[in-house]
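Worksheet: one structure, shown below.
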Amino acid sequence: MSLALDYSGFKIVLLAAALPPAPMLLLAGWGGWRLKRGRRGGGWLLAVALLALWFSSTEAVAELLSRMIGQPAALTPAQVGALRGQHDGAVLVLGGGVRRHVPEFGAGVPNDITAERLAYGVWVARRTGWPLGFTGGVGWAATELREPEARIVARVAAQEYGLPLRWAEANSRDTRQNAAYTLPALAAAGVKQVVLVTHEAHMRRALRAFEPEAARRGIRILPAPVGLRTDALTSFADWCPSTEGFERMRYLTYETLAWWAGR
C-alpha cells in the first residue's frame with residue numbers, strides 16, 4: 001500500500017471520529033454507560049451530549065463559529081464591477097469535490113460545494129471579463145474518484161455555462177498543492193490579480209496557502225468567499241436542527257481542524 005493510500009485511510013477514519021455527530025454520540029454513550037452503572041455524572045454527560053447534538057445541527061451556531069474563527073468579507077458587486085476593464089486578472093475557483101457518477105447525467109458532476117463555487121466564479125468572470133480557471137485533482141480522501149475534479153468541472157463550465165476554462169489544473173490533491181501548481185501557470189500568462197473563489201469556511205486556509213506563493217510572483221489575491229449568510233441569527237428556525245445547519249457545522253469543524261493541523 002502506498003503512502004498516499006495510507007494517509008487517505010487515516011484521514012477518513014480521523015474525520016469520521018472528529019466531525020459531528022460522532023463526538024456527541026460517543027459522549028452520550030459514555031454518559032449512558034455511567035448512568036446505567038450508577039456512577040456520578042452520567043446524567044450530566046448525557047444531557048450535555050444531547051444539547052451539543054442539537055446545537056451542532058443549527059445554522060445559528062454555525063454562523064457564530066464562522067464569525068469566531070474569522071469570517072471573511074464578501075467581494076461586493078461594486079468591487080467586482082470595478083475590476084472590469086483591467087486586463088491582468090483571472091478568476092480562480094478552488095475544487096471542493098465532485099460526484100463520480102450521476103445516473104441522470106450519465107457522468108460525474110460537481111458536488112454542492114464545488115457547484116456553488118463554480119456558479120459564483122462564472123458570475124464574477126462574466127462581469128469582469130476575466131478568464132476563468134479551476135484547480136482540483138483527486139483529493140486525498142477521494143479514494144473512489146477516477147477522474148480529476150478539473151476535468152469534470154471543465155466539461156460543466158463549457159457545456160452548461162458556455163464559458164470554457166482558460167486553466168484547468170488537475171494534479172493537486174489539497175489546498176497547498178492548488179496554490180503551488182496553479183500560480184506558476186497564471187504568472188506565466190501575465191496574470192497579476194486573482195479573484196480566489198472558495199467557501200467562507202475555507203478561505204482562511206486558502207489564503208494561507210495562496211498568499212505567500214502569489215507574493216513571490218507579484219500576484220495580488222482578492223478573496224471572493226461564497227456561502228456567507230446575513231440572516232442566520234434572525235429566527236427561531238436558525239436555532240433548530242436543519243440539514244443546512246448540520247452540513248455547514250461539519251464543514252466549519254473540518255476546516256478548523258485542518259487549520260490547526262497546518263494542512
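Below, the figures for the structure above:
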quantity	calculated
Qualifying residue in the range 100-110 (condition: within 22 Å of PRO212 (Cα to Cα) and modelled with pLDDT under 95)	no
Filter pass, TYR251 being assigned by TED's automatic domain parsing to the domain that holds ALA119, of a type in the set (Phe, Trp, Tyr) and out of contact with any Leu (no Cβ under 7 Å at 6 or more places or on another chain)	no
Boolean, VAL13 is surrounded by fewer than 16 Cβ atoms within 10 Å (Cβ to Cβ) and under 25 Å from MET203 (Cα atoms)	yes
Of all residues making up the range 146-164, the number that are in a helix (DSSP H, G or I) and touching a residue at least 12 places away in the same chain (Cβ under 8 Å)	9
Qualifying residues in the range 90-113 (those that are surrounded by 14 or more Cβ atoms within 10 Å (Cβ to Cβ) and small (Gly, Ala, Ser)) - the one nearest to VAL195 (Cα to Cα)	ALA90
Exclusive hit being assigned by TED's automatic domain parsing to the domain that holds ALA188, assigned to a helix (DSSP H, G or I), over 20 Å from the mean Cα position of the chain (by Cα) and within 21 Å of ILE219 (Cβ to Cβ), set ARG127, ARG117	ARG127
Residues located in the range 176-229, provided they are part of a helix (DSSP H, G or I), of a type in the set (Lys, Arg) and touching a Pro at 6+ places or on another chain (Cβ under 9 Å)	ARG204
Residues of the range 56-76 classified as out of contact with any strand residue (DSSP E or B) (no Cβ under 9 Å at 6 or more places or on another chain) and in contact (Cβ under 8 Å) with a residue 12 or more places away in the chain, total	13
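Listed here are the residues, each with its yes/no results for (1) exposed (fewer than 15 other Cβ atoms within 10 Å of the Cβ); (2) of a type in the set (A, V, I, L, M).
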residue: LEU35; (1), (2): no, yes
residue: GLY43; (1), (2): yes, no
residue: ALA62; (1), (2): no, yes
residue: VAL80; (1), (2): no, yes
residue: ASP88; (1), (2): yes, no
residue: VAL124; (1), (2): no, yes
residue: GLU149; (1), (2): no, no
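Residue-wise test of (1) of a type in the set (Gly, Ala, Ser); (2) over 20 Å from TYR251 (Cα atoms).
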site	(1), (2)
ALA73	yes, no
PRO77	no, yes
ASP88	no, yes
ARG99	no, no
GLU104	no, yes
ASN111	no, no
ALA115	yes, no
ALA119	yes, no
ALA125	yes, yes
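Table: residues versus (1) touching a residue at least 12 places away in the same chain (Cβ under 8 Å); (2) surrounded by 15 or more Cβ atoms within 10 Å (Cβ to Cβ); (3) within 23 Å of THR114 (Cβ to Cβ); (4) not assigned by TED's automatic domain parsing to the domain that holds PRO148.
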| site | (1), (2), (3), (4) |
| --- | --- |
| ARG166 | yes, yes, yes, no |
| THR175 | yes, yes, yes, no |
| GLY190 | yes, no, no, no |
| VAL197 | yes, yes, yes, no |
| ARG205 | yes, yes, yes, no |
| GLU213 | yes, yes, yes, no |
| ARG220 | yes, no, no, no |
| ASP231 | no, no, no, yes |
| THR243 | no, no, yes, yes |
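The values are calculated or read from the model by the stated rules, or taken from the named source; none is laboratory data. Small disclaimer: the values here were computed from a predicted structure and weren't measured. Every residue, glycine as well, gets a Cβ built from its backbone with ideal geometry; the counts of neighbours run over all protein chains shown.
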